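The values are calculated or read from the model by the stated rules, or taken from the named source; none is laboratory data. The model shown is predicted, which means the values in this text are computed figures rather than measured ones. Here the Cβ is made from the backbone with ideal geometry for all residues, glycine too, and neighbour counts use every protein chain on show. We work out accessible area using only protein heavy atoms, side chains counted, and drop any ligands, DNA or RNA first. Shrake-Rupley method; radii C 1.70, N 1.55, O 1.52, S 1.80 Å.
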Amino acid sequence: SAGPAAPSGQDYQLWVIPPGQAPASLGLLRDDPVRVALAELGPGTTLAVSLEPAGGSPTGQPTGPVLVAATIPG
């Protein structure tokens, strides 16, 4: 099921963070589902959701607070 909508003027953004690398955006979490093939992500890879300005991070990196993160076990 879907979670709560982001506050007005903001979006939730999903990030993948491979070990030792910078975060890379997987897209905004809005009405359409975002699918991630976990089998393609290696151990130690982190998935995180941040709260960003509407339209997503203006810098290409997380700028808002990280609301949830999970690391794929090895």
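Remarks
- Largest-first principal axis extents of the Cα set of the chain (Å): 38, 29, 16
- In order along the stretch 12-21, the phi-based Karplus estimate (6.51 cos²θ - 1.76 cosθ + 1.60, θ = phi - 60°) of 3J(HN,Hα) comes to 8, 10, 9, 10, 10, 10, x, x, x, 10 Hz; Gly and Pro are listed as x.
- Distant-in-sequence amide H partners of GLN10 (H built 1.01 Å from N, under 5 Å): ALA54
- Positive minus negative residues near THR63 (Lys, Arg vs Asp, Glu; Cβ under 13 Å): -2
- Segment VAL36-THR71, extension gain: residue separation times 0.36 nm, minus the distance between their alpha carbons: 11.2 nm
- Amide H within-cut-off set for LEU67, under 5 Å, with H built and near neighbours excluded: VAL49, SER50, LEU51
- Remark: the chain carries 64 Å² of accessible area per residue (probe radius 1.4 Å; ligands, DNA and RNA excluded).
- Taking the chain and dividing mean pair separation by its residue count, relative contact order in percent (alpha carbons under 8 Å, at least six apart): 34
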